[in-house]
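A short worksheet on the structure shown next.
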Amino acid sequence: MSWSWIILVIAGLFEVAWAVGLRSTQGFTKPVPSLIVGAAIVASMYLLAVAQRTLPIAVAYAVWVGIGIAGTALVSAFILHEPLRPAQWGFIALLLVSVAGLKLTT
């Protein structure tokens, strides 16, 4: 796996961090959580920009969003105990297969 892919995965993890952390900002009215979420947004976008220097932007963006969506759903289910229906689990699995397919074909 090249550095660009590693950077892209880290960017996706920052995407998950800010998406999950967004609730704790209470509409950006709490300063400390808002700063942390803001920093995660900036880090995620910056790392995406770095990764797309050598990866096709369509692939990099799709993988970044896929990691963000799947990661946020999984954190919501396992850590925040928000329910996911069986069909939702299936679609998350399809998303992960799609992300892996993009990696394998690039």
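Bear in mind that the values in this text are calculations on the coordinates, not laboratory data. Here the structure is a predicted model, which means the values were calculated and not measured. With ideal geometry, Cβ positions are generated from the backbone for all residues, glycine too; neighbour counts draw on all protein chains shown.
For the reader, a short list of remarks on this structure follows.
- Only one of Ala11, Ala19, Ala49, Ala43 that is in a helix (DSSP H, G or I), without any contact (Cβ under 8 Å) to a residue 12 or more places away in the chain and closer than 22 Å to Ala62 by Cα: Ala49
- Scan of region 52-99 for residues that are in a helix (DSSP H, G or I), more than 25 Å from Trp3 (Cα to Cα) and touching a residue at least 40 places away in the same chain (Cβ under 8 Å), ordered by number: Val75, Ser76
- Residue match in region 22-32 (condition: assigned to a helix (DSSP H, G or I), among the hydrophobic types (A, V, I, L, M, F, W, C), surrounded by 15 or more Cβ atoms within 10 Å (Cβ to Cβ) and in contact (Cβ under 8 Å) with a residue 12 or more places away in the chain): yes
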